[in-house]
Amino acid sequence: MERKIAIVTDSSCDIPQDLAEKYGIDIIDFPINLDGKEYFERRDLTREEFYELMRQAKGVPTTAAITMLQWHDVYAKYADEEYTDVLHVSINSTGSATYGYAQQAAEMLREERPDCKMRIHLVDSHTYSMVFGWYLCECARKLRNGGELRDCILELESKLGRVEIGLAAYSLKQLKKSGRVSAAAAFAGELLGLRPIISLTDGVSHVEAKVRGDAAVIPAMLKWVSTRVDDMRDTPYMMAYTSSTQKRDELLKLCKKEFGHPPMHIFQLGGVVSANTGPDCIAIAFEGKPRRLADYEPPLP
């Protein structure tokens, strides 16, 4: 029987719509609440409109998980359309209940339709934004070109098991709300002009350094990134930003100088991610060392 494969993710992937359409990736939108009004990412606002709303808002945005019933309806639709497989790559499970709800939805579908042969392959990205969206597009491209599903998923999981992020936010308001910076540290940072350099590895964030003043941010980011790999001159990387093209261009210039090559992709952070980082953020994502034991096991003959 010929396989019919659906590919689905959530809007935290930040995959541009043209790429989603090109590779046949379905994207389910997250709801975001700001000052008592609910918006759906990608559907109701552009990224620039959302950044501006954050600047003007009295409060900070909050996001809600995509529920079990929503995922159940998505999976049931694929089953009705006689898909044989669903590849679902989810937002980081430690940062959102969405992954757990998807697991529950898959179990519910199995109980409701015991004769359904459709297989659901649920992958925890352990990260956010095009940091996993990029690799999902690559996976989808290979599948559309005849790649074996199992091999494509293994390669995707291997990439996601290596990727790391170094992030800096020039405003601490959203980071305080998200818990990535404590309220006390955020208050002191605002008084002293401190900027945290934050890592995200395997879905867990950590403050790696604190620097004083905006000018020190990018050099500190690059210094931390260089400690994570043997040689960044041989390491693929991506860059991310929110609203500031000036900070993006500064980061690009220094990355090319320090690493000796440009990023393989530059992307904007969407609503779900920037709701936690704020509208003034830059980041570097790169392929670090493998963190999964399976990546060190010799291949079977």
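The values are calculated or read from the model by the stated rules, or taken from the named source; none is laboratory data. A quick note: this is a predicted structure, and the numbers were derived from the prediction, not measured. In this analysis, Cβ positions are derived from the backbone assuming ideal geometry, glycine residues included, and neighbour counts consider all displayed protein chains. Note: areas computed on protein heavy atoms with side chains; ligands, DNA, RNA excluded. Shrake-Rupley method; radii C 1.70, N 1.55, O 1.52, S 1.80 Å.
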**Study point:** Matching residues, the range 1-25, being open to solvent by 50 Å² or more (accessible area, probe 1.4 Å), out of contact with any Phe, Trp or Tyr (no Cβ under 9 Å at 6 or more places or on another chain) and not in a helix (DSSP H, G or I)
**Key:** 1, 2
Exercise for review: Return yes when residue 229 is over 28 Å from residue 52 (Cβ atoms) and at pLDDT below 95 and no when it is not.
Suggested key: yes
Check your understanding: Do we find that residue 32 is surrounded by 13 or more Cβ atoms within 10 Å (Cβ to Cβ), in contact with an Asp or Glu (Cβ under 9 Å, 6 or more places away or on another chain), without any contact (Cβ under 8 Å) to a residue 40 or more places away in the chain and in a strand (DSSP E or B) in this structure?
Key -> no
Exercise for review: Would you mind stating whether residue 220 is under 24 Å from the mean Cα position of the chain (by Cα), part of a helix (DSSP H, G or I), more than 18 Å from residue 279 (Cα to Cα) and at pLDDT 55 or above?
Suggested key: yes
Exercise for review: Take the range 283-298 and flag every residue that is touching a strand residue (DSSP E or B) at 6+ places or on another chain (Cβ under 6 Å) and either exposed (fewer than 14 other Cβ atoms within 10 Å of the Cβ) or modelled with pLDDT of 95 or more (or both).
Suggested key: 283, 284, 285, 286
**Study point:** Neighbours by Cβ (under 8 Å, 6+ apart or cross-chain): first from the range 262-273, part of a strand (DSSP E or B); second open to solvent by less than 10 Å² (accessible area, probe 1.4 Å) and of a type in the set (Ser, Thr, Tyr)
**Key:** 267/129; 268/242
Review point. Based on what the data block shows, is residue 45 among the aliphatic types (A, V, I, L, M) and either open to solvent by 60 Å² or more (accessible area, probe 1.4 Å) or out of contact with any strand residue (DSSP E or B) (no Cβ under 6 Å at 6 or more places or on another chain) (or both)?
Key: no
